[in-house]
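To start, the structure under review is shown below, and the notes come after it.
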Amino acid sequence: MNRDLFRLGNILRLIVFLALITFLLAPDRFAGLLAPLTENGAPPIYNQGSLIDLTLSHLFTVGVSTLAAAVVAVGLAIFVTRPAGMEFLALSRAVVNIGQTFPPVAVLALSVPAMGFGEAPTRMALFLYGLLPIFENTLVGLSTLPPAVVEAASAMGMTNRQRLLKVELPLAMPLIIEGIRLSAVIGLATATIGSTVAAKGLGEVIVAGLLSNNLAFIVQGGVITGILAVLISDSFQAVARNAAKRRGARPQMET
C-alpha cells in the first residue's frame, strides 16, 4: 500500500514537473486558460520578459544564497560542537537568529546603498535568512550522536578529523539536508521580493501583475514559485531518506 502511494506520488510529481516545463517553454499555449483572469483585453501571459529566463535567474539566486548559507552554517555548527568552540555557542546562535528575525525587506534597504541594485542585495538577504535552519539542524545532528558510536570511533584510533568526516557528519547528514531543504524553500518564496531592488526573478511577474491589476500575471508568478518549492522540497526529502538508509536509520521524513 505504501509502495503504491509512493509510486502515485512520483507519477504526480512527474506530471507537475512536465506541465511546468511545458508552460515555461510555450506559455502562449496556456493563454486561453488564463484569459478569464484578465480584464479589458489585458495580456493573459506575462509579456515583459522571458518566463524561463526569469525562472532560471530566480533559481540561481536561491541556489547561490543557499549554498553560501550551508557552508557557513555547517562550518559554524561544527566549530561550536568542538571543545575549542563550545564557549561561542551562545554567540553563534544569537548571530544566526538575528539573520532569521531581521526582515528581508530591511536587509534589502540597508544593502542597496553598499551593493547597488540587482541580485547582490537579494542574495545577501537570502543568505542571512537561510542560516538559522541549517545551523540548528546541524547542531542537533552533531550533538545527539549515540555516545557509544563516537566512543567506538575513538577506540579504533580515529583522529578528530577522521571521526568528524567518517562518523559524525555522515550520521548527522539527514538532519543537515533537512535544514538545507528548509532554507531553500524559504529562499524560493522570499526571493520574490528581490524585484523591488531590480533583481531578476519571478517577483517581476507578480509585481507587474500588481501594478497593472492583472491577476493572470500574479497567478503565473505565484504558481511557478509554489511548484518549484514543492518539487525542490521533495527532492531534498528524497536525498535525506537515502542518506538515512545508508546509515541504517529509519527515515525521519515521510513523502
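For segment 111-141, what are the residues that are closer than 17 Å to GLY179 by Cβ and either among the polar types (S, T, N, Q) or open to solvent by 60 Å² or more (accessible area, probe 1.4 Å) (or both)?
Of everything in segment 111-141, those that are closer than 17 Å to GLY179 by Cβ and either among the polar types (S, T, N, Q) or open to solvent by 60 Å² or more (accessible area, probe 1.4 Å) (or both) turn out to be ASN137, THR138, VAL140.
Would you say ASN10 is at pLDDT below 90, open to solvent by 30 Å² or more (accessible area, probe 1.4 Å) and more than 21 Å from SER233 (Cα to Cα)?
no
Could you pull out every one of the helices (runs of 4 or more DSSP H) wholly within segment 14-129 that has 2 or more residues that are touching a Lys or Arg at 6+ places or on another chain (Cβ under 8 Å) and either at pLDDT below 95 or under 20 Å from ILE232 (Cα atoms) (or both)?
In segment 14-129, the matching helices (runs of 4 or more DSSP H) lie at 51-80.
Take the residues in segment 96-110 that are in contact (Cβ under 8 Å) with a residue 24 or more places away in the chain and more than 25 Å from ASN137 (Cβ to Cβ), then tell me which one is most open to solvent (accessible area, probe 1.4 Å).
Across segment 96-110, the extreme among qualifying residues is VAL105.
Is segment 132-152 home to any residue that is in a helix (DSSP H, G or I) and in contact with a Phe, Trp or Tyr (Cβ under 7 Å, 6 or more places away or on another chain)?
Within segment 132-152, not a single residue is in a helix (DSSP H, G or I) and in contact with a Phe, Trp or Tyr (Cβ under 7 Å, 6 or more places away or on another chain).
The values are calculated or read from the model by the stated rules, or taken from the named source; none is laboratory data. Because the structure is predicted, anything quoted here is derived from the model rather than measured. A quick note on method: Cβ atoms are made from the backbone with ideal geometry, for glycine too, and the neighbour counts reach across all protein chains shown. Heavy atoms of the whole protein, side chains included, go into the accessibility calculation; ligands, DNA and RNA do not. Shrake-Rupley method; radii C 1.70, N 1.55, O 1.52, S 1.80 Å.
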